[in-house]
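The values are calculated or read from the model by the stated rules, or taken from the named source; none is laboratory data. Because the structure is predicted, anything quoted here is derived from the model rather than measured. Glycine gets a Cβ as well: all are built from the backbone with ideal geometry, and neighbour counts include every protein chain shown. The accessibility values were calculated without ligands, DNA or RNA, using every heavy atom of the protein model including side chains. Shrake-Rupley method; radii C 1.70, N 1.55, O 1.52, S 1.80 Å.
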Amino acid sequence: MEGMVREVRHHMGDVVTEMVRLRSQTHPDRTECLRVLKLFLRSIFLRVLSRKEGLPIARLIVREQMGPTPGFEILYQQAFRELHEGLCFLVGTILGQDPRDRNVILRTHMLMGQVYFFAMSREAILRRLGWNNLEGEKAEIVTRVLDENIETLLTALQKKRRN
């Protein structure tokens, strides 16, 4: 499990650094937070979940989520919690809400689910689209739709909050 955490950190180090930078700012810019949120979700998809080499990591994550073993505690304490808190910070900042608010945590988790569902239902989407993989141009198509979903949802929630 610790090796897997190191592998994910290796693939995502630059994006995590961006999140840490924003969290250290007194008044982080909402537009910048949206950029980093999209960058994180795009990156986890492109660098891990869309690639065949990433399948063992994705399967292990799904297995631990569905039936936690003692290894889940390692994953949660050394990776998931920090990443989820960072993503909640981004979403909370974008929405002008406390990142620890239950609804922010749930919204963040749902946003992440758009990406992680590709790990859980990979074969179904490949067959549905007639693709044999999720790499290259196909991965770019997926991430363009992901970016659009994130922006549409968060923009609508910002407007709703202002009204």
Among (1) closer than 21 Å to F89 by Cβ; (2) open to solvent by less than 50 Å² (accessible area, probe 1.4 Å) - the single one F118 does not satisfy: (1)
Hey, L55 modelled with pLDDT of 85 or more and either assigned to a helix (DSSP H, G or I) or within 12 Å of the chain's Cα centre (by Cα) (or both) or not: no
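Considering only residues that are exposed (fewer than 15 other Cβ atoms within 10 Å of the Cβ) and of a type outside the set (G, A, S), look in region 77-103 and name the one that is farthest from E151 (Cα to Cα). It would help to see each step written out before you state the result.
Restricting attention to region 77-103, the residues satisfying the condition of being exposed (fewer than 15 other Cβ atoms within 10 Å of the Cβ) are 77, 81, 96, 98, 100-103.
Subsequent filtering for residues that are of a type outside the set (G, A, S) retains 77, 81, 98, 100-103.
On the way: Q77: 29, R81: 24, D98: 19, R100: 21, D101: 20, R102: 21, N103: 18 Å.
Selected residue: Q77.
Yes/no matrix, rows are residues, columns are (1) of a type in the set (G, A, S); (2) free of Cβ contacts under 8 Å to residues at least 40 places away in the same chain; (3) closer than 16 Å to V8 by Cβ:
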position	(1), (2), (3)
V36	no, no, no
L41	no, no, yes
A58	yes, no, yes
M66	no, yes, no
G71	yes, no, yes
F80	no, yes, yes
H84	no, yes, yes
V91	no, no, no
L95	no, no, no
Extreme residue, least open to solvent (accessible area, probe 1.4 Å), among residues of region 104-115 that are touching a Cys at 6+ places or on another chain (Cβ under 6 Å) and free of Cβ contacts under 8 Å to residues at least 24 places away in the same chain: V104
Residue match in region 19-28 (condition: in contact with a Phe, Trp or Tyr (Cβ under 9 Å, 6 or more places away or on another chain) and either under 20 Å from I141 (Cβ atoms) or free of Cβ contacts under 8 Å to residues at least 24 places away in the same chain (or both)): no
Given (1) loosely packed, with under 14 Cβ neighbours inside 10 Å; (2) closer than 23 Å to Q97 by Cβ, number of the condition L37 does not satisfy: (1)
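Tally up the residues in region 19-31 that are open to solvent by 50 Å² or more (accessible area, probe 1.4 Å) and in a helix (DSSP H, G or I), please. Working first, answer last.
So in region 19-31, the residues open to solvent by 50 Å² or more (accessible area, probe 1.4 Å) come out as 20-21, 23-27, 29-31.
Right, trim to in a helix (DSSP H, G or I) and you get 20-21, 23, 30-31.
Result for region 19-31: 5.
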